[in-house]
Amino acid sequence: MSYQDLIFFCFALGLLVLAIKFGNRKRKYLEKNGIRSSAKVISIEKTLITIHDHDASWTPVMKIVLGIKVAGTEYRQVTVKQEFLTSQTPKPGDEVDVLIDPRNPDKVVIVNKA
């Protein structure tokens, strides 16, 4: 790996970490303004991303496909990337509570297992 490749990799990794941390801002907005609903986990896979938590542990970011049906709308699938403790990671078939952005219904945050 060249010096330039290493610099690019570190820069890209830094941007990715910042993007995930700014996701907390989205979560706070959704907690205040989001539409509460439930969704079914269709599939889940671990990404190559982990987030360092305040308690000195590393939490994996998971890519989750959800099936959502909100009253008055059609059933649809949404992909969410979100960090989970290993013990709290939902499994395919699980029902989860979600918050949906009223301005952009493709922005969804999983709150917890239903």
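Rule-based calculations on the coordinates, nothing more; no lab input. Keep in mind that this is a model prediction, so the values were computed, not measured. With ideal geometry, Cβ positions are generated from the backbone for all residues, glycine too; neighbour counts draw on all protein chains shown.
Summary table below
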| read-out | value |
| --- | --- |
| Condition met for Thr89 (of a type in the set (Ser, Thr, Tyr), out of contact with any Ser or Thr (no Cβ under 8 Å at 6 or more places or on another chain), within 19 Å of Arg36 (Cβ to Cβ) and surrounded by 12 or more Cβ atoms within 10 Å (Cβ to Cβ)) | no |
| Test: residue in segment 44-59 that is more than 18 Å from Val17 (Cβ to Cβ), buried (at least 16 other Cβ atoms within 10 Å of the Cβ) and without any contact (Cβ under 8 Å) to a residue 60 or more places away in the chain | yes |
